[in-house]
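K.L.:
Handing you a structure now.
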Amino acid sequence: MRLGGSVVGPYTTPSEWEALLVATRFRAVTAPFNCHTPEEDIRAFMDIVERHDVAIAEIGVWRNPFDPDPSKAAEALDYAIGQLKLADRLGIPCCVNIVGTASSAGWDAADRSNFTDETYARIVDSIRFIIDAAQPKRAYYCIEPMPWMVPDSPDAYIQLIRDVDRRQFAAHMDFVNMINSPRRYLDAEAFVEECFAKLSLWIKSTHIKDIRMHPTRLTTILEEVSPGEGALDYDRVLGTLARWLPEDAPVLLEHMATAEEYARAYDYVAARAKALGLAV
């Protein structure tokens, strides 16, 4: 697998980003540019990753196409189309977003409308609209699973893929985001295996992290943490990834604030992989 993550730290030029990249030891990264970045900078970033044999695993959208403000919703759709077009032009396999929410509490908020039939129809229509407008040939539009949005299970993801019915719609894997109940948490490794067994044919990029449940506090509190700081048996998790993903599949650490935090997480995962005889 290509273990990596997001390059964090201060930079204003591609060459400054390159120095940060080299220090990470990453073999896969999230895109450090978007569809509004000047073309000369995009080319410079692409030259850097090629020079260091680093894959750009995904380019993010992270905008809400269901924003209650119609102008912001329209901007989000336009941006998603632009990001997917850019990913396709550059050969970045995964353009990723969440489905969106009508909530006024935030672009990724839990809301009672998130699982209604009306919202599901909007989700299918919006994904089709983005793909049909961008007309990608190499890149795939993907949805990151969320605990309180569609898709929140591998079966829900398969149903969404079938309902969208577009060749360039595929899967983004974040199994921790779908560990959203004590039942899944207490048998988490079996659930991770289920996720990959059911979705491996469609997976274009994978996020890895860990999860911890407070064992005595009511009601249920589930907390995302870095690999090795939660309850997941990472030997079993990495074994699952090795069984179901291609040898050079990108696997990205995420949600760390500093380079030092990423380094600790990288060291932990790399050490467990080495003990299992897996190359990162």
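The values are calculated or read from the model by the stated rules, or taken from the named source; none is laboratory data. Predicted model only: the values in this text are computed from it and were never measured. Note that each Cβ is placed from the backbone with ideal geometry, even for glycine, and that neighbours are counted across all protein chains shown. Please note that ligands, DNA and RNA were not included when accessible areas were found on the heavy atoms of the full protein model with its side chains. Shrake-Rupley method; radii C 1.70, N 1.55, O 1.52, S 1.80 Å.
K.L.:
Could you tell me whether D53 is free of Cβ contacts under 8 Å to residues at least 24 places away in the same chain and either on the phi > 0 side of the Ramachandran plot or among the acidic types (D, E) (or both)? I'd like the intermediate steps shown before the answer.
P.N.:
Numbers: free of Cβ contacts under 8 Å to residues at least 24 places away in the same chain: no; either on the phi > 0 side of the Ramachandran plot or among the acidic types (D, E) (or both): yes.
Taking the combined requirement at face value, the residue does not satisfy it.
Here's the yes/no breakdown for (1) open to solvent by less than 20 Å² (accessible area, probe 1.4 Å); (2) touching a Leu at 6+ places or on another chain (Cβ under 6 Å); (3) modelled with pLDDT under 95; (4) under 20 Å from A249 (Cα atoms):
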| residue | (1), (2), (3), (4) |
| --- | --- |
| R63 | no, no, no, no |
| G91 | no, no, no, yes |
| N97 | yes, no, no, yes |
| A133 | no, no, no, no |
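K.L.:
Also, quick follow-up: Which helices (runs of 4 or more DSSP H) does the stretch 136-206 wholly contain that include 3 or more residues that are open to solvent by less than 30 Å² (accessible area, probe 1.4 Å)?
P.N.:
Numbers: elements: 154-164, 182-186, 188-199.
Where helices (runs of 4 or more DSSP H) fall fully within the stretch 136-206 and carry at least 3 residues being open to solvent by less than 30 Å² (accessible area, probe 1.4 Å), they are 154-164, 188-199.
K.L.:
In the set A80, A76, A28, A57, which member is under 21 Å from the mean Cα position of the chain (by Cα), open to solvent by less than 40 Å² (accessible area, probe 1.4 Å) and more than 20 Å from I131 (Cα to Cα)? Write out each step before concluding.
P.N.:
Working: A80 fails: more than 20 Å from I131 (Cα to Cα); A76 fails: more than 20 Å from I131 (Cα to Cα); A57 fails: more than 20 Å from I131 (Cα to Cα).
So the residue among A80, A76, A28, A57 that is under 21 Å from the mean Cα position of the chain (by Cα), open to solvent by less than 40 Å² (accessible area, probe 1.4 Å) and more than 20 Å from I131 (Cα to Cα) is A28.
K.L.:
Sort through R138, R128, R217, R122 and tell me the only one that's more than 19 Å from Y234 (Cα to Cα) and at pLDDT below 95.
P.N.:
R217
K.L.:
Determine whether S113 is among the polar types (S, T, N, Q), over 30 Å from L20 (Cα atoms), without any contact (Cβ under 8 Å) to a residue 40 or more places away in the chain and out of contact with any Asp or Glu (no Cβ under 7 Å at 6 or more places or on another chain). Steps first, answer last, please.
P.N.:
Details: among the polar types (S, T, N, Q): yes; over 30 Å from L20 (Cα atoms): yes; without any contact (Cβ under 8 Å) to a residue 40 or more places away in the chain: yes; out of contact with any Asp or Glu (no Cβ under 7 Å at 6 or more places or on another chain): yes.
Yes.
K.L.:
Specify the residue that is least open to solvent (accessible area, probe 1.4 Å); the eligible residues are those in the stretch 226-270 that are out of contact with any helix residue (DSSP H, G or I) (no Cβ under 7 Å at 6 or more places or on another chain) and over 22 Å from A57 (Cα atoms).
P.N.:
It comes out as G230.
K.L.:
Just checking, which of L253, L232, L245 is under 18 Å from D187 (Cβ atoms) and touching a residue at least 24 places away in the same chain (Cβ under 8 Å)?
P.N.:
Details: L253 fails: under 18 Å from D187 (Cβ atoms); L245 fails: under 18 Å from D187 (Cβ atoms).
Criteria check complete, one pass: L232.
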